[in-house]
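Asks: Attaching a single structure in structure tokens format; questions to follow.
The values are calculated or read from the model by the stated rules, or taken from the named source; none is laboratory data. Model, not experiment: these values are computed from the prediction. Neighbour counts run over all protein chains shown; Cβ positions are idealised from the backbone, glycine included.
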Amino acid sequence: MNQIIDDLKWRYAVKKFDPTKKVSDEDLATIKESLRLTATSFGLQSMKFLIIQDPAIREQLKPASWGQTQITDASHLIVMCSYIDVNNDHVDEYMQDVATTRELPLEATTQFGDYIKGALTNFSAEEKGIWSSKQTYIALGQALHTCANLRIDSTPMEGFDPAAYDEILGLSAKNLKATLLLPIGYRHEEDQNQHYAKVRKSNEVLFETV
């Protein structure tokens, strides 16, 4: 079977993790690199990923996640954050990275940098926040497949109180807000969801050629 399809058929949203099983440092490094390499608008990477391992912090976060056990039982909890205000400083930092990585004079990036800055000025503060948040969803999709390829379980989660997360983790002071959660680890043998057939629309319903 095609490896990509095999990975996607294998994965599901785990409801119960085995707290005794931990993701290796090597596999975690692969997941982090996958997130680092994910596609983003302009390549600006207007996001940050917090990897929460401290059990005490995760216990604090659990009530803000409607008591879902994945928060505390998974091997690692990745909090996907987006920048509240993406500004010219972010663009200038990115242009410096472009110049350094591609061995260009900084002046050679000016036109591209000005283009991004111009595009950002067309967004209201609310639109900019929404746009920034959407980038984390791109990263989420890539992380889900990376985990599946490594046969590491994961659960994409929107069911939490972002404001409470922001307060507990001190995100607002860092110009960040919690957007998505991704607990990763290994399914518990008692999680019955692993035995359910995956339900998806048929190709005939889902796709249309025009």
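Asks: Would you confirm whether any residue within region 146-160 is without any contact (Cβ under 8 Å) to a residue 24 or more places away in the chain and out of contact with any Pro (no Cβ under 7 Å at 6 or more places or on another chain)?
Replies: Looking for residues that are without any contact (Cβ under 8 Å) to a residue 24 or more places away in the chain and out of contact with any Pro (no Cβ under 7 Å at 6 or more places or on another chain), one finds at least one in region 146-160, hence yes.
Asks: Within region 133-162, which residues are in contact with a strand residue (DSSP E or B) (Cβ under 7 Å, 6 or more places away or on another chain), of a type in the set (A, V, I, L, M) and not in a helix (DSSP H, G or I)?
Replies: ILE152, MET157
Asks: Return the residues of region 163-190 that are surrounded by 18 or more Cβ atoms within 10 Å (Cβ to Cβ) and either in a strand (DSSP E or B) or free of Cβ contacts under 8 Å to residues at least 24 places away in the same chain (or both); say none if nothing qualifies.
Replies: Once the filter is applied, which keeps residues that are surrounded by 18 or more Cβ atoms within 10 Å (Cβ to Cβ) and either in a strand (DSSP E or B) or free of Cβ contacts under 8 Å to residues at least 24 places away in the same chain (or both), region 163-190 yields ASP166, LEU176, LYS177, ALA178, THR179, LEU180, LEU181, LEU182, PRO183, ILE184, GLY185, ARG187.
Asks: So, one more: Give all pairs with beta carbons closer than 7 Å in which a residue from region 101-122 that is over 13 Å from PHE42 (Cα atoms) meets a residue that is surrounded by 13 or more Cβ atoms within 10 Å (Cβ to Cβ) and of a type in the set (S, T, N, Q); count only pairs at least 6 apart in sequence or on separate chains.
Replies: From residues that are over 13 Å from PHE42 (Cα atoms), the pairs are LEU106/GLN96.
Asks: Assess whether MET1 counts as being modelled with pLDDT under 95, of a type in the set (A, V, I, L, M) and either more than 17 Å from the chain's Cα centre (by Cα) or surrounded by 18 or more Cβ atoms within 10 Å (Cβ to Cβ) (or both). Full working, then the answer.
Replies: Working: modelled with pLDDT under 95: yes; of a type in the set (A, V, I, L, M): yes; either more than 17 Å from the chain's Cα centre (by Cα) or surrounded by 18 or more Cβ atoms within 10 Å (Cβ to Cβ) (or both): yes.
Taking the combined requirement at face value, the residue satisfies it.
Asks: Among the helices (runs of 4 or more DSSP H) contained in region 13-132, which hold 2 or more residues that are surrounded by 15 or more Cβ atoms within 10 Å (Cβ to Cβ) and at pLDDT below 95?
Replies: It comes to none.
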